[in-house]
1. Quick one: check the C-alpha center-to-center distance for segment 53-111 versus segment 1-24, whole angstrom.
2. Quick check: pseudo-label points 7 Å beyond the Cα along Cα→Cβ at T32 and E248, how many nm apart are they?
3. Work out, step by step, the length gained on full extension between A135 and E207: first 0.36 nm times the residue separation, then minus their alpha carbon distance; give nm to one decimal.
4. Using a Gaussian network for the chain with springs between C-alpha atoms less than 10 Å apart, which of these wobbles most: M81, M212, M303?
5. Grab the other residues whose beta carbon is less than 15 angstrom from that of Q66, score K and R as +1, D and E as -1, and report the net.
6. Can you give the extra length, in nm with one decimal, that the chain gains between A158 and Q357 once fully stretched, where that is 0.36 nm per residue apart less the Cα-Cα distance?
7. Pull out a ≥ b ≥ c, the square roots of the eigenvalues of the alpha-carbon gyration tensor of segment 298-360, then state rounded if a/c is under 1.5, prolate if not and a/b is larger than b/c, and oblate in the remaining case.
8. Residue by residue through segment 74-80, what is 3J(HN,Hα) from phi via Karplus (6.51 cos²θ - 1.76 cosθ + 1.60, θ = phi - 60°)? Round to whole Hz and write x for glycine and proline.
Amino acid sequence: MRLFQNLGISDRYTQRLKRLTRGLSSFDELLTELLKDRYGASHLLKPALDREASAFLTSGNDIPLQRAWAREHGLRASATMEEVLLAQVEAHQPDVFYNLDPLRFDSTFVRKLPSCVKKSICWRAAPSPGANFGAYDLVVCNFPGIIESWRQRGLRSAYFAPAHDPVMDEYADSSERAVDVVFVGTFSRHHSRRAQILEAVAGLASEYRVVMSLDRSRLTRLAESPVGLLPGLRSQRRPPAVRRVASEPTYGLDLYRLLSASKIVLNGAIDMSGDDRGNMRCFESMGCGALLVSDRGRYPDGMVDGRTMLTYGSAQDVSHVLRSALSAWEHAAAIARAGLAMVRSEYSKNLQWQRFQDLV
């Protein structure tokens, strides 16, 4: 099977990638650096991650990367990102097009794919009103509720999960875990339940070392600037306790290092997810050997409260769960080791690739 996989990168990660790739100019150099930093590695299929000849990987919204390929293949300098991505597909002649960025490259793009593409598949794990995915043969994610919503809209949809990145094994056995509790994610007042959880956990900072690596929403950044003194923006600020333990967002290998330096990784679903759980942070936390403490809900197979992870029920409950785990750390560490063993075996890259081929 010839595979083409497209990875989308976030605007905030673009800033980090510019620093990592300073002085590099070729497509191969830029892609190598992106892969080395492991951004999105849980979602990258094994042939693409290993850069096998049968697979082509790119990031269709990484402008320097795509411009480099266009330049090296004689495309005009004014070619759009869509035109470059389409030219890459035509050059590779894949059987399967797998897209992790379907909001940007939706059905309009899929309808332009060459006839060599026998299956077009996209990943989307969030409600997307108005999104145009109808031309895709299959929409996949690991949230059953979202899958059912796609089916109700007449789309073919199936369950498919992230995988353990084997590079995490270099970090998982760290015995130097100076951070007691870490949270990595977005702070937004739109995620009201998560905001309550973070405020409760930040209150533990007088007893434990708590770190929150937070990506702030645009409104939150504005509210915490001098402009935020205006009355209408004050409600968008992070609580003082959260600001005291907050640091800048963390990505790539820096994320792996932070998780491997932490005893517990706190996770919390955003409001739109319903009862479904199993975001990428779950796989990353377990894969880096930390104890995952997350909110109750419906988790992927193997993620079991009290066996491979711990769960909490509310903002009032989370502090108790964290204190109990840290006060009986030998028992909690054994749960973390069980979580690591589970994610290594049940969500390996080989199994992910086999499951993808089964879907195709």
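Derivation of every value follows stated rules applied to the coordinates shown; laboratory data play no part. Just so it is clear, the model here is predicted, and its values are computed rather than measured. Glycine gets a Cβ as well: all are built from the backbone with ideal geometry, and neighbour counts include every protein chain shown.
1. The distance from the Cα centre of segment 53-111 to that of segment 1-24 comes to 13 Å.
2. Distance between label points: 2.6 nm.
3. Numbers: separation 72, 0.36 × 72 = 25.92 nm, distance 5.36 nm.
Length gained, A135 through E207: 20.6 nm.
4. Maximum among the listed residues: M81.
5. Details: positive: K18, R67, R71, R76, R104; negative: D28, E29, E33, D62, E72, E82, E83, E90, D101.
Spelling it out: positives minus negatives among the neighbours equals -4.
6. Numbers: separation 199, 0.36 × 199 = 71.64 nm, distance 1.27 nm.
Result for the pair: 70.4 nm of gain on full extension.
7. Working: a/c = 4.77, a/b = 2.09, b/c = 2.29.
The shape class here is oblate.
8. Taking θ as phi minus 60°, the curve returns x, 6, 5, 4, 8, 4, 6 Hz for segment 74-80.
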